[in-house]
1. Taking only DSSP H segments of four or more residues, each worth -39500 (n - 2.57), what value at 222 nm results for the chain once the sum is divided by all its residues, to the nearest 500 deg cm²/dmol?
2. Apply the Karplus curve 6.51 cos²θ - 1.76 cosθ + 1.60, θ = phi - 60°, to the phi angles in region 28-43 and return the couplings in whole Hz, x for Gly and Pro.
3. Nearest 10 degrees is fine. How inclined is helix 14-23 to the longest principal axis of the chain, computing both from alpha carbons?
4. Loop-only chymotrypsin sites (Phe, Trp or Tyr not before Pro) in the chain, please: DSSP not H, G, I, E or B, and at most 12 other Cβ atoms within 10 Å.
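Any read-out appearing in this document is the output of simple, stated calculations on the displayed coordinates, not a laboratory observation. Remember, predicted model here, so these are calculated numbers, not experimental data. A quick note on method: Cβ atoms are made from the backbone with ideal geometry, for glycine too, and the neighbour counts reach across all protein chains shown.
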Amino acid sequence: MMKKLRKEGFQIGRYKIRNLMKKLKLKVTQRIAYKVTTKRNHK
């Protein structure tokens with residue numbers, strides 16, 4: 001969010017963004033590092 005706002009011309013820091021997100025009740029979702037494509041059945 002900070003990068004997007006800075007790209008649009010706003011000079012804003014991460015703590016200000018954090019407070020904004022709390023007020024707007026937004027949650028951060030992390031990207032998945034990898035996706036399991038095979039199912040292993042070890043016994």
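1. Computed mean residue ellipticity for the chain: -10000 deg cm²/dmol.
2. Each residue's phi maps through the Karplus curve to give 8, 10, 7, 6, 6, 5, 8, 10, 6, 10, 10, 9, 9, 10, 7, 10 Hz.
3. Taking the Cα atoms of the chain, the angle to 14-23 is about 80 degrees.
4. Numbers: sites: Phe10, Tyr15, Tyr34; in loops: Phe10, Tyr34.
Answer in residue order: Phe10, Tyr34.
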